[in-house]
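Beneath this line is the structure, given in structure tokens, with notes to follow.
FYI, it's all coordinate maths here, none of it is from the lab. The structure presented is a predicted model; accordingly, all values stated were derived computationally and were not measured. With ideal geometry, Cβ positions are generated from the backbone for all residues, glycine too; neighbour counts draw on all protein chains shown.
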Amino acid sequence: NVFDSIFQLFQEKMVGILSKAKEVRERLYPILKESAFLDRGVLTPEEFIQAGDELCQKCPTWQWSSGDPCNKKKYLPNNKQFLITNNVPCPERAKAVESSVDASILAEIEGDEWVTATTIHDSTRADEEEEEIFGLSEKEEDPQLDDLEDSTIIDHDEATVAPGGGKKQIDNTRNKAESDNILKTRTYDLSITYDKYWQTPRMWLFGYDEQARPLTQTQVFEDIVLDYARRTVTFESHPHLSGAPHASIHPCKHPAAMKRIIDNYLKSDQPPRPDQALFLFLKFISSVVPTIRYDFTLDVQLS
């Protein structure tokens, strides 16, 4: 109806405004130059590149991408702007396996380290978002100590538009209807970007149903462990791709979670290297999206 259409346009406009505001904030924030991986669980851009190279070597389904030239980050190589893996199967909903999720991994990321992300329906939250937009240049605190940055969750249940704009055409790579012998399942395109502000990797998800149609946001939440679905996941514009908002696991507390994982290794006198960071990152992310079967090495061999 007309109301839903107007509300959808309003939501999409807000996503665009907040995305631009965050771009400005990131542009103003200094680049991390010295390694603080073991001390704070964060990465420099150079360490992110090293970790990405290691991931691509050990797990070839992951590849570097240059993305949209208009969104290029100057502190990253042109051909290594972000990591991507496509057509990742998701055969079950998260609810079916929540009881078997590794509790030891979840213990690394639960509690106060994850802060609830609310919708822009809340007028108080909307006011806070406006204050953030107009107060960007004044932010000087260490990013690990900041609260969750305001994010927008679009609650309408219309089908998500595919990256690049418009409904995604079902091409031969996604059309699994040629044979009845092929198991049809949801799939996801996953990407990992470097967040300059939070100085950490950030996971992005864009899903498709069994007929290769973009998933609605409600459907995406079905593939995320319930306790975290609306606490850590937001829908925002991808920093390197045009088109519809992607689901993103918010990075504000990633450094704290990574630091606790690192500390556990340090107790065994096995300090992880920065180039192994993405394996640790993907391990704890897998406990948030346990049925999205992306490639990563579970047992990191530490030096």
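Odds and ends about this structure:
- Burial order of peptide ranges 37-46, 259-268, 282-291 (average beta-carbon count within 10 Å, highest first): 282-291, 37-46, 259-268
- Approximate spin-label separation Arg230-Gln63, in nm, with each point projected 7 Å along Cα-to-Cβ: 3.8
- Peptides 48-56, 207-215 ordered by average Cβ neighbours within 10 Å, highest first: 48-56, 207-215
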